[in-house]
Amino acid sequence: MPPIDPVRFIVRVHGHLGWLAAIALVHPAILLRRTRRKAHLSVGLGVGIVTTVFVLGVSFYGEYRDRLRQSIFQQAPSIGYLFERKEHLAWGALMLAWTGTAAYVGAHWAPDAVRDPLRKAAHWAFVAAAALAVSTATLGTIVAAYKSF
């Protein structure tokens, strides 16, 4: 049995967790439609999973750049550009998830006048984060189907 390539393993885990992150971000987006609903676990897991997936992606970016990027752009530039867009969308999903988390947590200590607006902001931040995460996972799947480790 050949040895397992650690980068290949991490890439596979990253891809599967990417879809899980997209689903995990949809959950608080749905729960937070009602501004008085508590969603501590949903918010925490959503932001935690998307952060983990992002860190995994960053961890093998150098290998991707060194081993795959040039050949993908030479053979199929449109697929290469999809990957580049995927990176930007992933960053947006991460930032919006953290923004939603900050608004959700901040609403707990906020005065009554700003509590509901913060909870609405958290809801919409998670809606946008979920949309970006689904787009990211879709683009990642397309790129991985074309060429991977």
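Some points to look at:
- Residues located in segment 6-32, provided they are modelled with pLDDT of 95 or more, in contact with a helix residue (DSSP H, G or I) (Cβ under 6 Å, 6 or more places away or on another chain) and of a type in the set (V, I, T): V26
- Members of segment 33-63 found to be among the polar types (S, T, N, Q) and modelled with pLDDT of 95 or more, listed by number: S42, T51, T52
- Considered as a group, the residues in segment 34-53 that are of a type outside the set (A, V, I, L, M, F, W, C) and surrounded by 14 or more Cβ atoms within 10 Å (Cβ to Cβ) include one that is farthest from G100 (Cα to Cα), and that residue is T52.
- Residue under evaluation H108, criteria (1) farther than 18 Å from V11 by Cα; (2) surrounded by 12 or more Cβ atoms within 10 Å (Cβ to Cβ), criterion not met: (2)
- Against the criterion of being surrounded by 14 or more Cβ atoms within 10 Å (Cβ to Cβ) and either hydrophobic (A, V, I, L, M, F, W, C) or part of a helix (DSSP H, G or I) (or both), S135 qualifies.
- With respect to (1) of a type outside the set (D, E); (2) over 23 Å from L20 (Cβ atoms); (3) touching a helix residue (DSSP H, G or I) at 6+ places or on another chain (Cβ under 6 Å), the lone exception for R67 is condition (3).
- Hey, V13 within 19 Å of V143 (Cβ to Cβ), free of Cβ contacts under 8 Å to residues at least 24 places away in the same chain, surrounded by fewer than 20 Cβ atoms within 10 Å (Cβ to Cβ) and β-branched (V, I, T) or not: no
- A count restricted to segment 49-64 and to residues that are under 17 Å from A21 (Cα atoms) and free of Cβ contacts under 8 Å to residues at least 24 places away in the same chain stands at 2.
- Residues in segment 106-149 that are free of Cβ contacts under 8 Å to residues at least 24 places away in the same chain and polar (S, T, N, Q): T138 alone.
- Checking A103 against (1) crowded, with 17+ Cβ neighbours inside 10 Å; (2) under 17 Å from G18 (Cα atoms), the condition it does not meet: (2)
- Condition check for F83: assigned to a helix (DSSP H, G or I), among the aromatic types (F, W, Y) and touching a residue at least 12 places away in the same chain (Cβ under 8 Å): yes
- Residue in segment 112-126 that is of a type outside the set (S, T, Y) and touching a Lys or Arg at 6+ places or on another chain (Cβ under 7 Å) present: yes
The values are calculated or read from the model by the stated rules, or taken from the named source; none is laboratory data. A quick note: this is a predicted structure, and the numbers were derived from the prediction, not measured. Because the Cβ atoms are built from the backbone with ideal geometry, glycine has one as well, and the counts that use them run over all protein chains shown.
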